[in-house]
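Undergrad: Supplied in C-alpha cells, the structure appears directly below.
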Ligand code: PLP
C-alpha cells in the first residue's frame with residue numbers, strides 16, 4: 001500500500017496490537033470469507049467488493065472450479081523450480097495466454113506480481129538492445145502521472161513524486177511526458193487533434209533526450225490507479241505506435257491492471273488493435289487466487305537473447321505449478337462463463353449509471369474508462385477545473401461513506417499529478433445488473449453524504 005493509495009479510515013477496535021507494520025495504527029475489520037462479489041467480516045458485516053480489491057479479483061471470490069483445480073495441483077506438487085523441471089500448468093497457461101494475445105506475442109515469461117512484470121519488461125528490452133548491438137539505448141520514457149510498480153526498477157518509470165522522492169538518489173528517474181488528460185484541455189482542438197498532440201509529445205521527448213539513447217516507452221492503454229481509468233482519444237494509440245516505429249523504440253504496454261479481460265477485451269490495448277512490443281500482465285491473471293504475473297513478447301525480441309545465452313533475469317517463485325494451475329483455471333472460468341462479454345455489457349450499464357450520477361452531482365467533473373475499469377474525477381468547479389480544497393479530503397471522505405455503507409471503492413491521489421479528487425469502480429467481472437443497482441445506490445448515498453458534508 002502506497003502512502004497515497006487511499007483506504008477507508010480506521011475504526012476503533014478492541015484487538016491486541018498488530019505486528020504487521022503496514023497496518024501502523026490503523027485497524028481494519030478481520031475478514032472471514034469471500035464469495036462472488038462479497039466479503040464477510042468476523043463481526044458479521046457484508047461488504048461489496050466494488051473495486052475487486054485493487055482491481056485484482058476479476059473472476060470473483062471463491063470460484064469453486066479454480067479452488068478445485070488448485071487442490072488437484074496441491075496434491076501433486078506446489079513447487080518445482082523452473083531450472084530443475086518443466087511443469088504442465090506453466091506450459092498450458094503459456095499456451096492459453098498466447099492464444100488470447102495479439103498474433104506473434106507468444107513467448108511468455110512468468111513472474112509473481114505486477115512490479116516484477118513491468119520490471120521484467122524493461123530488463124528484457126534492455127538486454128535485447130545490448131545483444132543486438134544497441135548498448136546506448138537505455139532510457140524508458142514514461143507518462144506523468146502513472147503507476148508501474150514499487151520495486152526500484154519499476155518505480156523509476158512510475159510517475160508519482162511522492163512515491164519516488166525518498167529513493168531518487170538510488171535510481172535513475174526516467175523521462176516522462178504528460179498523461180493524455182485531453183478532457184481537461186480548454187482549447188479549440190477536437191479530441192482527436194488533442195490525441196495526436198499528446199502522442200507527439202513522445203516524439204518531442206525522444207528528440208530532447210537524444211533518440212539514440214531511448215530504449216522504450218511504457219504506458220497503460222487504459223489508465224489505472226494514478227489517473228482513475230483515464231482513456232486517451234482514439235487518435236493517440238496509432239500515433240504512439242507510429243512514433244515508436246519511426247525511432248526504433250520498443251512499446252511496452254503495462255496491462256497489469258487493465259488486462260486480463262477487465263475492460264471488456266482481453267487486453268486494454270485491444271480496443272484500438274494496438275501492437276505493443278512487450279506486454280506486462282498480473283492482477284486479474286491470478287485473480288487473487290495466487291500471486292501471478294507474466295510478460296509476453298514476440299520471438300524476434302526473445303531469440304537474440306536466447307542466442308546470447310538467455311534472459312539474465314528471474315525470480316524464485318516464477319512459473320511455479322500452483323500459481324500457474326490457478327491462472328489456467330482463472331482463464332478457463334473466464335471462457336466458460338463468458339466473463340469478458342459480461343464485463344463489456346455490465347461496463348456499459350455501470351458507466352451509464354455513473355453518468356446519471358454525474359447529472360445529479362455537479363462536482364463529478366468526468367466519468368471515464370472501459371468495461372469494468374471505470375473512474376470519476378471530482379472538482380469544486382468542473383468548468384474552471386478548480387479542485388476541491390485538498391484539506392477537505394474529499395476522496396478519503398467518499399471512501400469512508402461508502403465503506404460505512406458496506407461498499408469498497410478505490411481512490412488514490414498522486415502528488416504533482418492531476419489535482420482532482422477521484423474514485424474508481426471496478427467490480428469483479430461476474431457482476432450482475434441487480435448487483436450494479438445495489439452498488440450504485442450506495443455510491444449515490446455516499447456522494448449525497450459527501451455533498452452535504454463538504455457543501456459541494
Ligand atoms: N502496474 C500497474 C498498472 C499497476 O496498477 C500495479 C499495481 O497497482 C503494478 C504495475 C504493480 O503491481 P504489484 O503491486 O502487483 O507489484
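Just so it is clear, none of the values below were taken in a lab; they were calculated from the coordinates. Keep in mind that this is a model prediction, so the values were computed, not measured. Cβ sites come from the backbone with ideal geometry, for glycine too, and all protein chains shown count toward neighbours.
Undergrad: Å³ per residue of the Cα convex hull, for segment 237-300?
TA: Here the figure is 78 Å³ per residue.
Undergrad: By count of other Cβ within 10 Å, fewest leading, how are 289, 247, 317 ordered?
TA: 247, 317, 289
Undergrad: Restricting to Cα pairs below 8 Å that are 6+ residues apart, what does the relative contact order work out to for segment 64-336? Please round to a whole percent.
TA: 31 percent
Undergrad: DSSP beta bridges in segment 196-307, what fraction antiparallel, as a percent rounded to 5?
TA: Here the antiparallel bridges make up roughly 35 percent for segment 196-307.
Undergrad: Sticking with this structure for a sec: Given the alpha-carbon gyration tensor of segment 125-247, what are the semi-axes of its equivalent ellipsoid in whole angstrom, ordered largest first, with each equal to the square root of 5 times an eigenvalue?
TA: 24, 19, 11
Undergrad: Indicate the gyration tensor shape class of segment 46-150 (rounded, prolate or oblate), computed on the Cα atoms with a ≥ b ≥ c the square roots of the eigenvalues: a/c under 1.5 is rounded; otherwise a/b larger than b/c is prolate and the rest oblate.
TA: Note, shape of segment 46-150 comes out oblate.
Undergrad: Over all directions, average the projected area of the Cα convex hull of segment 64-336 and note it in nm².
TA: So the Cα hull casts an average projection of 14.9 nm².
Undergrad: Given segment 64-336, what percent of its DSSP beta bridges are antiparallel, to the nearest 5?
TA: Percentage antiparallel, nearest 5: 40.
Undergrad: Can you tell me the convex hull volume per residue for the chain, based on C-alpha atoms, in Å³ to the nearest whole number?
TA: Residue-normalised Cα hull volume stands at 151 Å³.
Undergrad: If neighbour count is taken as other Cβ atoms inside 10 Å, put 257, 55, 201 in order from fewest to most.
TA: Fewest-to-most Cβ neighbours within 10 Å comes out as 201, 55, 257.
Undergrad: After finding the eigenvalues of the alpha carbon gyration tensor for segment 367-456, what semi-axes result from the square roots of 5 times each, listed largest first in whole Å?
TA: 23, 16, 11
Undergrad: I would also like to ask the following. Helix-only estimate, please: 222 nm mean residue ellipticity of the chain, summing -39500 (n - 2.57) across DSSP H runs of length 4 or more and dividing by its residues, to the nearest 500.
TA: -11500 deg cm²/dmol
Undergrad: Write down the radius of gyration of segment 312-433 and its Dmax, each obtained from C-alpha positions, in Å.
TA: Radius of gyration, then largest Cα-Cα span, for segment 312-433: 18.4, 55 Å.
Undergrad: Additional query: Only bridges whose two residues both fall in the chain count here: according to DSSP, what percent of them are antiparallel, nearest 5?
TA: 65 percent
Undergrad: For 299, 191, 439, what's the fewest-to-most ordering of other Cβ within 10 Å of each Cβ?
TA: 299, 191, 439
Undergrad: Still on this structure: If I take every Cα pair under 8 Å that is 6 or more residues apart in the chain, average their sequence separation and divide by the length, what percent do I get for the relative contact order?
TA: It comes to 23 percent, rounded to a whole number.
Undergrad: Classify segment 327-366 from the C-alpha gyration tensor, please: rounded if a/c falls under 1.5, else prolate or oblate depending on whether a/b exceeds b/c.
TA: Prolate.
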